[in-house]
Amino acid sequence: MIVSFLKNRDLIWQMTKREVTGRYKGSFLGLAWSLFNPLMMLVVYTFVFSVVFKTRWGTDPNAGKADFAIVLFTGLIVFNLFSECIGRAPSLITSNVNYVKKVVFPLEILSFVNFFAALFHASISLVVLFLAIIIFKHSVHLTVLLLPVIMLPLMLAILGASWFLASLGVFVRDVAQTIGILISILMFMSPVFYPVNVLPIAFQKIIMLNPLAYMIEEARKVVFFGVLPNWEMLIINLVVGAVICISGYAFFQNTRKGFADVL
């Protein structure tokens, strides 16, 4: 897996650039849409939850709309990185049939391209988030430097799941529709719009079974609250993420020989 990435890094870079620019090709605003999309969703969610439903983050009555928006946006960035990669994974091979017919083309890099394109959009959103923190909170916690470490287990798991779903999507076409439904369910079963600690204890245990819940909560700790992560859980998640990544890659490589026959 690592050798394939290093060997094809230039091709991955070129295809990622084409993927990012091609998505907005011909539009008037171009790449600016990668900035406006999360901003518009942030405004809508903040209005609905903090104005219509009078929601405050946690039990702090002094928490304002800006605090709510920043904390909500942090969770959205993590979730959107996951949903964008996983949502497109089942169609990575079926939408690139011409690559399957090229014997020398490294099909496994399509998951890298998909991931880095999503990571680009997440990075744009992070820049907006940091600007909002500076404007409204006037300072950024040094713990924010730990964010890449916090996200590493999720990144590994996303890559592994992408390889698994990309392969499965070739043989079972219902996977794409099923994943779309599961992502919608996960969005509300993850602490994107609410903190875990406001739930009853029994429900907290259920929500934390969702692997995204830990990542979202830890990301908020280091970005907004300036709290160090739970290192023990981080190591456990890192091991799990690595296992998922390796297993997904192995599954993809073992099943790719059947792609041409099915397609």
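The values are calculated or read from the model by the stated rules, or taken from the named source; none is laboratory data. Computed from a predicted model, the values in this text were never measured in an experiment. These area figures cover heavy atoms from the full protein model, side chains too; ligands, DNA and RNA do not enter into them. Shrake-Rupley method; radii C 1.70, N 1.55, O 1.52, S 1.80 Å.
Considering Phe259, Phe224, the condition of being closer than 25 Å to Val172 by Cα and open to solvent by less than 40 Å² (accessible area, probe 1.4 Å) is satisfied by Phe259 alone.
Go through segment 136-145 and give me each residue that's hydrophobic (A, V, I, L, M, F, W, C) and open to solvent by less than 40 Å² (accessible area, probe 1.4 Å). Can you show your working first?
Kept after step one, since they are hydrophobic (A, V, I, L, M, F, W, C), are these residues of segment 136-145: 136, 140, 142, 144-145.
Correct list: Val144 only.
Among the residues of segment 64-110, the one identified as within 30 Å of Phe225 (Cα to Cα) and not in a helix (DSSP H, G or I) is Gly64.
Across segment 221-235, not a single residue is classified as under 16 Å from the mean Cα position of the chain (by Cα) and either modelled with pLDDT of 90 or more or not aliphatic (A, V, I, L, M) (or both).
Listed residues Ala32, Ala66; which is at pLDDT below 80, open to solvent by 30 Å² or more (accessible area, probe 1.4 Å) and farther than 22 Å from Val113 by Cα?
Ala66
Here Val78, Val48, Val20 are screened, and the one residue that is at pLDDT 75 or above, hydrophobic (A, V, I, L, M, F, W, C) and over 30 Å from Phe164 (Cα atoms) is Val48.
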